[in-house]
1. Compute the length gained on full extension between PHE175 and GLN55: take 0.36 nm times their separation in residues and subtract their Cα-Cα distance, giving the result in nm to one decimal.
2. Only Cα pairs under 8 Å and at least 6 apart count here; give the relative contact order of the chain as a rounded whole percent.
3. Sort 28-35, 82-89 for me by packing, meaning the mean count of neighbouring Cβ atoms within 10 Å per residue, highest on top.
4. Can you pull out the cysteines in the chain that have no other Cys Cβ under 4.7 Å?
5. For each of CYS54, CYS150, CYS49, count neighbouring Cβ atoms within 10 Å of the residue's Cβ, then give the residues from fewest to most.
6. Hey, can you rank 155-164, 237-246, 72-81 by average C-beta count inside 10 Å, highest first?
7. Taking the Cα atoms of the chain alone, what are Rg (to one decimal) and Dmax (as a whole number) in Å?
Amino acid sequence: MKLTTTPTPGRIARLQSYFRTRVDPMTSLFLVLPLFAIYQTGTLLMMDCANGQCQWNANGVDFLTGNLLALTGGSRLAYGVIALSAALALAAASLWARRHAKLSPKLFVPVLVESAVWASIVGPLSIVLSHAIGLGRTGGSWVGDIIASCGAGLHEELVFRAGIFAGLTALLLRFKVRKVFAVLAALAVSSVLFSLVHHVGPLGEPFTVQAFVFRVFMGALFAGIYRVRGFAIAAWTHCVYDIWVFTGQRLHW
């Protein structure tokens, strides 16, 4: 006799509830702690140190690491103490939120799965488009790619989506701009700035119209995920997406 299993009404209801609910800010803070930990640990292990003076080629919009190193005189130990203190402060905030019923740690696995699905849908397509328009370069190590992906997922979503996109949307709404126009204007501005930042700094790529338009589209996509699903899912999707792209470049997919 062949047995079949069907989702119970309770499971279906929980699944529907999960997708109807945007991940709240405090839970998002907790869920992105691994990205922070991986990036900071990788930074400490891979920063370039000579004669006791450490330097770090910043990842994207990571304006903090290089400035902190400068303030500490290039001391890896001092930077490590500051990073550890920040991690402990974030963990304490998460524990406080959980005690006050403002945190849902059980969402960690569903968020990772959902983010991996989003990234796995967009990632392969992005690799094909990148080849078509001549984007992409490989260098360093694959471990370095993982660390950079964690940094990009955290910092770029924090700056461009949680900061510029959400902040500009809220500002325009305060000025009585219609919600749909406020969201679209903020999406456009944040996506253009997101694209432009990939062409500045020592690690920036040469500017081309194709690359610029492509990344504007990706910025809009991440903004949409942020708007509908929350910061944590946008950050993890961005991270896994970058891993997809870096791996595809290395394997010449």
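Computed from the coordinates by the stated procedures, all read-outs in this text should not be read as laboratory data. Please read all numbers here as calculations on a predicted model, not as lab measurements. Note that each Cβ is placed from the backbone with ideal geometry, even for glycine, and that neighbours are counted across all protein chains shown.
1. Here the answer is 38.9 nm.
2. Averaging sequence separation for qualifying contacts and normalising by length gives 30 percent for the chain.
3. 28-35, 82-89
4. CYS150, CYS239
5. So the residues, fewest neighbours to most, are CYS49, CYS54, CYS150.
6. In descending order of packing, they fall as 237-246, 155-164, 72-81.
7. Final numbers for Rg and Dmax: 19.8, 73 Å.
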